[in-house]
Amino acid sequence: MLSTQELEHVIEIAGEPETSAWQLSDVSWREERELSDEDRIRLLHTILSKSGGPEQVVNALTMLRYVEGNARDRWPEDLREVGLDAVIGIISAENLNPTKDERMSRAMSVCLRGDDGSGASRVMEAIVDRAARRYGSTYDVERALATLAERAPEVFLGRLFLDEADGPSIRFQDGRRPGPFSHVPTEALIEWCRQSPDRWTRVAPQISPFSRGIGDEGETGQISPLAFAFLEAAPRPEDVVEAYLQHLAPMSWSCSRAAIMERRLAVIESLQDHPAPEVGHTISRLAPDIRARIDRIRQAEQEEGRERDQRFE
């Protein structure tokens, strides 16, 4: 246990220019140091201001959560604030990688507990600002976005679908693994859409309709629970199923693109007998052109395969 004098000395050393951010960050979370939250916050603020400080603060809070386990449901507001400040500092930096994204996500998961929406809004704005410098891309903050979608769905949805905008303010992929949007709780998404009639058609194109599994392209051959619940709740399900049909082409593939699209079309066609007749009518109206497109893609694949075989003969 650190005495008051020892703690003051540690904080002083941590603030010196020659002290690296990582050197004293473990003091903030090790059980044997027995720091109060007030002292912990003072130390973390000092570390946060240094080069590499945001990463060390996020790492320290991740370790603190591990050490504490389920001892308390939420941290004090000031401790949560310094954690979110660190997350925003990392997001605002130029270089990110999957490891940093994952660690940010873990820290955010704790720091957003008890948040009134202001902290989540600050993080979301930082992500939008970062995406604006990268043509809307968010591939390097997908885990952080997923945590926002889960912990603060109203903030996530409200910033993603601005009322005056035609489309989403940022882009993210939903390929072999579920993207951030799939982490929005179903009931929260439906309730948010019910607040304004035009939200249903704006949100539907962002929903991946295919349930994930261990088969080809990671899909089970069924409609995802989120997509089905959204379809059932929508006032115009025919508009929703038409949006789902735009998801037939895979973002990436290792076998036949036409075969993947045909399997996906079959999944949507399983809704042909939906209680709302408009759903079946929409599928029947659009399916012939889609099948013709799939046939053209298959023919092109076969031709490409023949040419490739001839080159190797």
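Only one entry in Leu7, Leu2 is outside any loop (DSSP other than H, G, I, E, B) and at pLDDT below 90, namely Leu7. Scanning the stretch 13-48 for residues that are over 20 Å from Ala93 (Cβ atoms), of a type outside the set (A, V, I, L, M), assigned to a helix (DSSP H, G or I) and in contact with a helix residue (DSSP H, G or I) (Cβ under 9 Å, 6 or more places away or on another chain) yields a total of 10. Residues in the stretch 104-136 that are more than 25 Å from Phe161 (Cβ to Cβ) and either hydroxyl-bearing (Ser, Thr, Tyr) or touching a Ser or Thr at 6+ places or on another chain (Cβ under 6 Å) (or both): Arg106, Ala107.
Starting from residues that are open to solvent by 50 Å² or more (accessible area, probe 1.4 Å) and free of Cβ contacts under 8 Å to residues at least 24 places away in the same chain, keep the ones in the stretch 9-37 and report whichever is farthest from Lys100 (Cα to Cα). This residue is His9. Of the numbered criteria (1) at pLDDT 95 or above; (2) touching a Ser or Thr at 6+ places or on another chain (Cβ under 7 Å); (3) open to solvent by 20 Å² or more (accessible area, probe 1.4 Å), the one Ile88 fails is (2). Of the set (1) touching a residue at least 24 places away in the same chain (Cβ under 8 Å); (2) within 18 Å of Ile223 (Cβ to Cβ), all apply to Asp273 but (1).
Residues of the stretch 112-147 that are buried (at least 19 other Cβ atoms within 10 Å of the Cβ) and under 15 Å from Gly83 (Cβ atoms): Leu112, Asp115, Gly119, Ala120, Val123, Ala126, Ala144, Thr147.
Here is a yes/no grid of residues against (1) closer than 14 Å to Ser182 by Cα; (2) assigned to a helix (DSSP H, G or I):
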| position | (1), (2) |
| --- | --- |
| Arg113 | no, no |
| Asp116 | no, no |
| Val123 | no, yes |
| Val128 | no, yes |
| Arg134 | no, no |
| Val141 | no, yes |
| Thr147 | yes, yes |
| Phe156 | yes, yes |
| Arg159 | no, yes |
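For the stretch 64-80, does any single residue satisfy the condition of being open to solvent by less than 30 Å² (accessible area, probe 1.4 Å), touching a Pro at 6+ places or on another chain (Cβ under 9 Å) and assigned to a helix (DSSP H, G or I)? Checking the stretch 64-80: not a single residue is open to solvent by less than 30 Å² (accessible area, probe 1.4 Å), touching a Pro at 6+ places or on another chain (Cβ under 9 Å) and assigned to a helix (DSSP H, G or I).
So how many residues does the stretch 108-165 have that are of a type in the set (S, T, N, Q) and free of Cβ contacts under 8 Å to residues at least 12 places away in the same chain?
First, pick out the residues of the stretch 108-165 that are of a type in the set (S, T, N, Q): 109, 118, 121, 137-138, 147.
Filter once more, so that each one left must be free of Cβ contacts under 8 Å to residues at least 12 places away in the same chain: 118.
Count: 1.
When residues of the stretch 224-255 are filtered for being within 25 Å of Arg298 (Cα to Cα), modelled with pLDDT of 90 or more and either under 20 Å from the mean Cα position of the chain (by Cα) or of a type outside the set (A, V, I, L, M) (or both), how many remain? Break it down stepwise before answering.
Going residue by residue through the stretch 224-255, those that are within 25 Å of Arg298 (Cα to Cα) are 241-255.
After this cut, where a residue has to be modelled with pLDDT of 90 or more as well, the list is 241-248.
Now drop any that are not either under 20 Å from the mean Cα position of the chain (by Cα) or of a type outside the set (A, V, I, L, M) (or both), which leaves 242, 244, 246-247.
Adding up the residues that qualify gives 4.
The values are calculated or read from the model by the stated rules, or taken from the named source; none is laboratory data. Fair warning: this is a prediction, and the values are worked out from it, not measured in the lab. Here the Cβ is made from the backbone with ideal geometry for all residues, glycine too, and neighbour counts use every protein chain on show. When the accessible area is computed, the model is the full protein with side chains, heavy atoms only, and any ligands, DNA or RNA have been set aside. Shrake-Rupley method; radii C 1.70, N 1.55, O 1.52, S 1.80 Å.
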